[in-house]
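Q: The structure that follows is given in the form of structure tokens.
The values are calculated or read from the model by the stated rules, or taken from the named source; none is laboratory data. Please read all numbers here as calculations on a predicted model, not as lab measurements. FYI the Cβ positions are ideal-geometry reconstructions off the backbone, even for glycines, and counts take in every protein chain you see.
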Amino acid sequence: MNKQSVLEIFEQISDKVISFLQNHPGVTEVEFNERHGVLDSQLQTWEDENFPYKLPEDMKSFLLISDGLLLQWKIKMNQMTKPLGQMHFNSLKDITAFKLGNYSLRRLGEDPVDTSLEDIKVFDIDKKVLNGRLGLVFRSSNAKPQIYFQDLSGDWFFIANSFTDYFRLMVMHLGLPNWQYAFTDVGLDTTSQQWFRFLSPERLAIDIKSRKKQVKKAKRQKKETKKDKALIQGIKRRKNATGFYSQLPDEKTHKKKRTRKTKKVKTASKK
């Protein structure tokens with residue numbers, strides 16, 4: 001497979017993102033680092049060395065085309081150029097394992113997931129990512145891996161269910177700095193938002209809308225969970241040792257008050 005065909009395939013699977021950047025008036029010096037793909041035997045060696053973990057099929061298919069990815073571009077500013085965007089994936093040899101540590105897995109707006117009983121393994125898939133780490137996360141050796149981003153707080157936030165989904169998100173965000181923060185509690189910083197408004201306002205609008213929707217959904221789920229817990233606790237309090245329901249203290253007090261009122265009425269009528 002020659003270098004040109006690698007570029008053509010990348011343009012096809014990335015919805016012609018290179019052409020978009022090259023034709024944008026504010027973008028310059030778009031550089032695509034073309035690489036040969038790995039061999040099947042190299043993939044097998046990686047999986048033997050990291051047994052029992054296996055790379056997902058879509059990631060292996062990409063690596064067979066290109067051993068990693070590096071696409072960089074610069075922005076024009078006041079007759080000067082500045083490096084800005086970058087799309088990167090590690091080469092096969094740099095996809096290495098590391099420990100999750102004492103940090104939690106979570107989704108935007110949701111509480112952390114208790115992973116204390118899980119055998120979690122994380123592989124670094126982008127050593128160039130800014131202000132965090134990007135990991136291929138296995139929650140067990142036979143589970144389908146997902147992609148999480150560790151922000152500067154230390155927590156790992158869910159980004160995508162698959163390598164293909166992450167690749168599409170990266171392309172839609174044009175590899176702008178810190179775009180992964182759109183999926184964290186912190187969110188995009190002001191500078192990142194300004195770049196999105198200039199280069200991809202549609203994507204920024206989608207991120208903002210999706211973020212609000214996800215946070216709202218998470219709050220609703222928390223509220224429902226809280227109600228369910230309160231209901232269960234109430235039922236437990238009303239059960240006595242024999243399995244029958246006993247009156248709650250408030251109910252007993254209310255009943256005593258009604259009895260007293262009844263007695264007073266009867267006494268008054270006798271007089």
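Q: Output the strands (runs of 3 or more DSSP E) that fall wholly within region 116-181 and possess 1 or more residues being surrounded by fewer than 23 Cβ atoms within 10 Å (Cβ to Cβ) and polar (S, T, N, Q), or say none.
A: Here the list reads 146-150.
Q: A follow-up question, please. Determine, yes or no, whether residue 207 is in the same structural domain as residue 52 (by TED's automatic domain parsing), under 24 Å from residue 75 (Cβ atoms) and either touching a residue at least 12 places away in the same chain (Cβ under 8 Å) or surrounded by 18 or more Cβ atoms within 10 Å (Cβ to Cβ) (or both).
A: Yes: the conditions hold for residue 207.
Q: Can you confirm whether region 96-104 contains a residue that is among the hydroxyl-bearing types (Ser, Thr, Tyr), under 12 Å from residue 155 (Cα atoms) and out of contact with any Lys or Arg (no Cβ under 8 Å at 6 or more places or on another chain)?
A: Yes, that holds for at least one residue.
Q: Only one of 66, 91 is touching a helix residue (DSSP H, G or I) at 6+ places or on another chain (Cβ under 7 Å), polar (S, T, N, Q) and touching a residue at least 40 places away in the same chain (Cβ under 8 Å). Can you tell me which?
A: Just a single option satisfies the conditions, and that option is 66.
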